[in-house]
1. Considering only the stretch 61-88, state which residues are at pLDDT 85 or above and open to solvent by 80 Å² or more (accessible area, probe 1.4 Å).
2. Can you pull out every residue in the stretch 104-125 that is small (Gly, Ala, Ser), under 17 Å from LYS92 (Cβ atoms) and out of contact with any helix residue (DSSP H, G or I) (no Cβ under 7 Å at 6 or more places or on another chain)?
3. Step by step: first the residues of the stretch 105-125, then only those that are among the charged types (D, E, K, R) and at pLDDT 90 or above, then the one that is most open to solvent (accessible area, probe 1.4 Å). Which residue is that?
4. Return yes when GLY54 is open to solvent by less than 80 Å² (accessible area, probe 1.4 Å) and without any contact (Cβ under 8 Å) to a residue 12 or more places away in the chain and no when it is not.
5. Please tell me if MET42 is over 27 Å from THR125 (Cβ atoms) and open to solvent by 60 Å² or more (accessible area, probe 1.4 Å).
6. LEU91 is checked against (1) of a type in the set (A, V, I, L, M, F, W, C); (2) in contact with a strand residue (DSSP E or B) (Cβ under 7 Å, 6 or more places away or on another chain); (3) open to solvent by less than 40 Å² (accessible area, probe 1.4 Å) and fails just one. What number does that condition carry?
7. Looking at (1) open to solvent by less than 30 Å² (accessible area, probe 1.4 Å); (2) touching a Lys or Arg at 6+ places or on another chain (Cβ under 8 Å), find the lone condition where TYR48 falls short.
8. Is it fair to say LYS94 is under 18 Å from SER27 (Cβ atoms), in contact (Cβ under 8 Å) with a residue 60 or more places away in the chain and over 17 Å from the mean Cα position of the chain (by Cα)?
Amino acid sequence: MKNIDELKSPKIDYVGGIQIEAENPKSLADWYSNKFGLTIEMEYEGGYYGGFTGKSVSLHIGIIPTKDIKGNSNISLTFHVDNFDGYLDNLKSKGIIPVQTMEDNEGEFAFFNDPENNKIGIWGT
């Protein structure tokens with residue numbers, strides 16, 4: 001007889017890595033580092049890699065050369081922040097102004113476009 005854990009379907013626990021294709025990976029990695037404070041510490045074969053570790057999850061981000069130049073957004077990211085108003089003020093001081101803000105039962109959100117037109121959001125609860 002199988003126990004209850006063996007009967008459960010496998011599921012995704014969390015997002016462990018994201019890759020962003022970019023026409024200029026170095027420039028985009030610098031933008032994420034300088035504007036959003038994302039740690040990008042490694043260069044490998046034309047890509048730039050970093051990420052962060054939280055209380056129960058690590059997220060690895062790679063910014064890699066694009067394989068198909070199409071001029072369209074290829075990803076949307078939302079980062080949870082521990083102090084929404086403070087983080088938003090910090091971005092505004094760097095000239096990063098949201099294109100949209102909203103609030104719902106999950107918290108507050110602000111959305112931006114990175115230099116390659118990808119949608120980036122911050123979320124505070």
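1. Selection gives HIS80, ASP82, ASN83, ASP85.
2. Residues of the stretch 104-125 small (Gly, Ala, Ser): 107, 110, 121, 124.
With the extra rule that they be under 17 Å from LYS92 (Cβ atoms), the set shrinks to 110, 121, 124.
Correct list: GLY121 only.
3. At the first step, the residues of the stretch 105-125 found to be among the charged types (D, E, K, R) are 106, 108, 114, 116, 119.
Remaining after also requiring at pLDDT 90 or above: 108, 114.
Details: GLU108: 60, ASP114: 8 Å².
Result: GLU108.
4. Details: open to solvent by less than 80 Å² (accessible area, probe 1.4 Å): yes; without any contact (Cβ under 8 Å) to a residue 12 or more places away in the chain: yes.
So GLY54 fits the description; yes.
5. Details: over 27 Å from THR125 (Cβ atoms): yes; open to solvent by 60 Å² or more (accessible area, probe 1.4 Å): yes.
Judged against the criteria, MET42 is a match.
6. (2)
7. Every listed condition holds for TYR48 apart from (1).
8. On the way: under 18 Å from SER27 (Cβ atoms): yes; in contact (Cβ under 8 Å) with a residue 60 or more places away in the chain: yes; over 17 Å from the mean Cα position of the chain (by Cα): yes.
Yes: the conditions hold for LYS94.
The values are calculated or read from the model by the stated rules, or taken from the named source; none is laboratory data. Model, not experiment: these values are computed from the prediction. Cβ atoms come from the backbone with ideal geometry, glycine included; neighbour counts cover every protein chain shown. Side chains included, ligands, DNA and RNA excluded: accessible areas come from the protein's heavy atoms. Shrake-Rupley method; radii C 1.70, N 1.55, O 1.52, S 1.80 Å.
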